[in-house]
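These notes concern the structure reproduced below.
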Amino acid sequence: METLEQIRDRLLARFPAAKVELVTNPGTAAEHSLLLDAVFAPEVARFLRDDPALRLDYCSNVSGVDWPEKEIIDTVKKSVPDPAGGPAKVVEEKTKRIQPGYLEAVYHLYSMTLKHGPVVLRLRTGNRTDQVTLPSLTPVWRAADFQEREVFDLYGIIFSGHPDLRRILMWDEFKDHPMRKDYVSPDDFEWEPTPHGDVHERAKAHYPAPPPAATPTPEAKP
Amino acid sequence: MNDTPTPAGYTPFPAAGNISDQEREDLRRHGILLTSLEELYGWGRSNSIWPLQFGLACCAIEMIAAATARFDIARFGAEIFRPSPRQADLMIVSGTVTKKMAPQVVRLWNQMPEPKYCIAMGACAISGGPFKQGYNVLKGIDRFIPVDIYIPGCPPRPEALLHGLTQLQEKIRAERVSGPQAARHLQPDAASEFPVPDYGAHDLQPPSNPKLFTAHVLPRKA
């Protein structure tokens, strides 16, 4: 199979208006991916599927990723010349910047005909609140149907062009997206027999502090 | 497991009539069987418990194994798994009850005719088990329906299910036809149907049935 760089260059040659970026994975798996422009994603996907050298005809997996807003501190070392004429001092300058959050859909593609893969695609939303629409790739790969529904259910990415975009795991009346980092689960921690850690913190609110003199009598479960 | 309180002076099963257990055993040894209608009724009911044929998770596999030749639940008269709640006496809640599934379980319980019994099989059905701190699993089916027997285990082995079943048989045989010890289904004011929870925006509404479930008050260390 071609390298990801070659695929990217071919895509850029084929779709000059599209943005295709290579996102490298610094881990040992080194599974690099292609970040696609959401607008061109269906066309690019169809090209990847039908191109005779690639033939990525099998979408094995669709995942969602939630990237919350992140504060990044950049440290820049600067040498400041001493006005008294001594040696220059090295001063660290720290600047804070907020990296805006976004949601991501990740597609893993393989080729059944040519026996190669995976090629990883990423699509990113504008933000995590109101620009959460991505084009659905279900018309390209039918296998993405249920998994895009799952990403919609748990992350809240709206896939436009999906044939049947409904919740798949939670019930229809459910409002939240439980896999998001800022999801707050319902507080039913009223009875935790052996609470510890975070659970203890949440359960504490339900347990009254003991009266000063009373000796606690634990109840048995009927 | 049988939590019905025993009043003073009350002799539990198998005393029936005016003769002592010892005298009756002597008569039995001589080939004379004495019984009461109440005892016969309990004996008959306890030896033909028809469970509802439904499983929720991996515990259901153990329940199926309990019905196979190796463990053979037929030895205890409970081999006829009915595919309709209208024909079942026993609901074995075998496995994880998700919040999405809970209303259906309660509805099945309401559709079962009296006398009916419930076994909570496995850690999940008792308390949520390993998913207790999750957002989507009900923390014990006893929040919505009354449970007669709790079988711990993850999952419980078929022997444990058989043990739970024999415990339930003992409980049924100890039930009286009238009086304060009368079986639940013979008490006119005992509830037989329970409200089915609604799907809410964040959780089930209500999250538990307050008439059945009250959270245990655990003393908090100051």
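The values are calculated or read from the model by the stated rules, or taken from the named source; none is laboratory data. Because the structure is predicted, anything quoted here is derived from the model rather than measured. Every residue, glycine as well, gets a Cβ built from its backbone with ideal geometry; the counts of neighbours run over all protein chains shown. Accessible surface areas use protein heavy atoms only, side chains included; no ligands, DNA or RNA. Shrake-Rupley method; radii C 1.70, N 1.55, O 1.52, S 1.80 Å.
For every residue, the table says whether it meets (1) open to solvent by 70 Å² or more (accessible area, probe 1.4 Å); (2) in contact (Cβ under 8 Å) with a residue 40 or more places away in the chain; (3) over 13 Å from the mean Cα position of the chain (by Cα); (4) away from every other protein chain (no Cβ under 14 Å).
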{"site": "A:G101", "(1), (2), (3), (4)": "no, no, no, yes"}
{"site": "A:V106", "(1), (2), (3), (4)": "no, yes, no, yes"}
{"site": "A:L109", "(1), (2), (3), (4)": "no, yes, yes, yes"}
{"site": "A:K115", "(1), (2), (3), (4)": "yes, no, yes, yes"}
{"site": "A:L121", "(1), (2), (3), (4)": "no, yes, no, yes"}
{"site": "A:N127", "(1), (2), (3), (4)": "no, no, no, yes"}
{"site": "A:R167", "(1), (2), (3), (4)": "no, no, yes, no"}
{"site": "A:Y183", "(1), (2), (3), (4)": "no, no, yes, no"}
{"site": "A:D187", "(1), (2), (3), (4)": "yes, no, yes, no"}
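Sort out for me the strands (runs of 3 or more DSSP E) sitting completely within region A:1-99 that have 3 or more residues that are in contact with a helix residue (DSSP H, G or I) (Cβ under 7 Å, 6 or more places away or on another chain).
A:58-67
What tally of residues in region A:169-181 results from selecting those that are in contact (Cβ under 8 Å) with a residue 24 or more places away in the chain and either at the interface with chain B (Cβ under 7 Å from one of its Cβ atoms) or open to solvent by less than 20 Å² (accessible area, probe 1.4 Å) (or both)?
Within region A:169-181, residues that are in contact (Cβ under 8 Å) with a residue 24 or more places away in the chain and either at the interface with chain B (Cβ under 7 Å from one of its Cβ atoms) or open to solvent by less than 20 Å² (accessible area, probe 1.4 Å) (or both) number 1.
Could you grab me the full set of residues in region B:197-213 that are open to solvent by 40 Å² or more (accessible area, probe 1.4 Å) and either in contact (Cβ under 8 Å) with a residue 12 or more places away in the chain or away from chain A (no Cβ under 14 Å) (or both)?
B:D198, B:Y199, B:P207, B:K211, B:L212
State the number of residues belonging to region A:58-90 that are more than 24 Å from A:D176 (Cβ to Cβ), open to solvent by 60 Å² or more (accessible area, probe 1.4 Å) and among the acidic types (D, E).
So the count comes out to 1.
Residues to consider are A:E148, A:E93; find the one that is open to solvent by less than 10 Å² (accessible area, probe 1.4 Å) and either in contact with a strand residue (DSSP E or B) (Cβ under 6 Å, 6 or more places away or on another chain) or over 24 Å from A:R8 (Cβ atoms) (or both).
A:E148
Any idea which of (1) at pLDDT 85 or above; (2) open to solvent by less than 60 Å² (accessible area, probe 1.4 Å); (3) among the hydroxyl-bearing types (S, T, Y) is the one B:S20 doesn't satisfy?
Here B:S20 meets the rest and fails (1).
For region B:26-38, check the following and say yes or no: at least one residue is touching a Pro at 6+ places or on another chain (Cβ under 9 Å), surrounded by 13 or more Cβ atoms within 10 Å (Cβ to Cβ) and not in a loop (DSSP other than H, G, I, E, B).
Checked against the condition, which is being touching a Pro at 6+ places or on another chain (Cβ under 9 Å), surrounded by 13 or more Cβ atoms within 10 Å (Cβ to Cβ) and not in a loop (DSSP other than H, G, I, E, B), region B:26-38 yields no hits at all.
What pairs come up if the first residue lies in region A:1-25 and is within 22 Å of A:D57 (Cβ to Cβ) and open to solvent by 80 Å² or more (accessible area, probe 1.4 Å), the second is acidic (D, E) and assigned to a loop (DSSP other than H, G, I, E, B), and their beta carbons are under 7 Å apart, counting only those six or more places apart or on different chains?
Once the first residue is within 22 Å of A:D57 (Cβ to Cβ) and open to solvent by 80 Å² or more (accessible area, probe 1.4 Å) and sits in region A:1-25, no partner that is acidic (D, E) and assigned to a loop (DSSP other than H, G, I, E, B) comes close enough.
Which numbered condition in (1) open to solvent by 20 Å² or more (accessible area, probe 1.4 Å); (2) β-branched (V, I, T); (3) within 11 Å of chain A (Cβ to nearest Cβ) is the only one that B:V177 fails?
(3)
Within region A:100-153, how many residues turn out to be part of a strand (DSSP E or B) and basic (K, R)?
Final tally of qualifying residues: 2.
Being assigned to a helix (DSSP H, G or I) and open to solvent by 20 Å² or more (accessible area, probe 1.4 Å) is the filter here, so list the residues in region B:86-103 that pass it.
B:R86, B:Q87
Restricting attention to region B:114-135, which residues are within 11 Å of another protein chain (Cβ to nearest Cβ) and either open to solvent by 20 Å² or more (accessible area, probe 1.4 Å) or charged (D, E, K, R) (or both)?
B:I126, B:S127, B:K132, B:Q133, B:G134, B:Y135
Provide a single number: the residues in region B:136-168 that are surrounded by fewer than 21 Cβ atoms within 10 Å (Cβ to Cβ), touching a strand residue (DSSP E or B) at 6+ places or on another chain (Cβ under 8 Å) and in a helix (DSSP H, G or I).
3
Just for region B:181-196: of the residues that are within 18 Å of B:E39 (Cβ to Cβ) and either out of contact with any strand residue (DSSP E or B) (no Cβ under 8 Å at 6 or more places or on another chain) or open to solvent by 50 Å² or more (accessible area, probe 1.4 Å) (or both), which one is farthest from the other protein chains (Cβ to nearest Cβ)?
Of the residues in region B:181-196, the ones within 18 Å of B:E39 (Cβ to Cβ) are B:181-183, B:185-186.
Then drop every residue that is not either out of contact with any strand residue (DSSP E or B) (no Cβ under 8 Å at 6 or more places or on another chain) or open to solvent by 50 Å² or more (accessible area, probe 1.4 Å) (or both), which leaves B:181, B:185-186.
Numbers: B:Q181: 17, B:H185: 19, B:L186: 21 Å.
Checking each candidate, the answer is B:L186.
Could you run through region A:189-206 and say how many residues are of a type in the set (G, A, S) and open to solvent by less than 40 Å² (accessible area, probe 1.4 Å)?
Selection size over region A:189-206: 1.
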